[in-house]
């Protein structure tokens, strides 16, 4: 990371530079703001900026008390897409150097996925991202795509290169495009 072998960094230092968004983002009991800040000290302006960068600001502003709206444990008063958008804002406020997305768009409807794709374009500027995805629309704009099959690397390249190659990635991509 920035020319330093990550194996030489203490884990706490490495974690400070990383943001992780999982398929099922966890929501804690508390308000919207505290779910984005996770108890760290950020100004309301920083929270609002992170929300705007990740396309969650409109959703938050429509909630009864905006950023002060109480959320239940596990986010039972939010949809799956709303929880994911909140997880993106949580990562964005920390401004990580490395962002790991583990099936972060897998369970989203098409409209929410579109909002997240826009947010991803902004969020990924200038950082390294490791994106684990079965939904190939999530990775279409990546610089390099690694295709694994049963734990083995079978293809590598850009979206266009992999489509032109006509291998496993191209087959999966065309199947997924038929489903939409």
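Residues of the stretch 1-25 being within 13 Å of residue 91 (Cβ to Cβ) and either touching a strand residue (DSSP E or B) at 6+ places or on another chain (Cβ under 8 Å) or touching a residue at least 12 places away in the same chain (Cβ under 8 Å) (or both), which ones? Listed by number, the residues that qualify are 17, 18, 19, 20, 21, 22, 25. Of all residues in the stretch 47-62, those satisfying the criterion of being buried (at least 16 other Cβ atoms within 10 Å of the Cβ) and either part of a helix (DSSP H, G or I) or modelled with pLDDT of 90 or more (or both) are 47, 48, 49, 50, 51, 52, 53, 57, 59, 60.
Residues being at pLDDT below 85 and touching a helix residue (DSSP H, G or I) at 6+ places or on another chain (Cβ under 6 Å): count how many of those fall in the stretch 90-108.
Qualifying residue count, the stretch 90-108: 3.
Considering only residues in the stretch 22-41 that are outside any helix (DSSP H, G or I), crowded, with 16+ Cβ neighbours inside 10 Å and touching a helix residue (DSSP H, G or I) at 6+ places or on another chain (Cβ under 6 Å), the one that is modelled with the lowest pLDDT turns out to be 25.
Every residue, every condition in (1) surrounded by 15 or more Cβ atoms within 10 Å (Cβ to Cβ); (2) part of a helix (DSSP H, G or I), yes or no:
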residue: 1; (1), (2): no, no
residue: 7; (1), (2): no, yes
residue: 13; (1), (2): no, yes
residue: 20; (1), (2): yes, no
residue: 74; (1), (2): no, yes
residue: 82; (1), (2): yes, yes
residue: 91; (1), (2): yes, yes
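Within the stretch 92-103, residues that are within 17 Å of residue 55 (Cα to Cα) and assigned by TED's automatic domain parsing to the domain that holds residue 47 have Cβ atoms under 6 Å from residues that are in a loop (DSSP other than H, G, I, E, B) and at pLDDT 90 or above in these pairs: 93/42, counting only partners at least 6 apart in sequence or on another chain.
The values are calculated or read from the model by the stated rules, or taken from the named source; none is laboratory data. The model shown is predicted, which means the values in this text are computed figures rather than measured ones. No Cβ is skipped: glycine too gets one built from the backbone with ideal geometry, and neighbour counts run over all protein chains shown.
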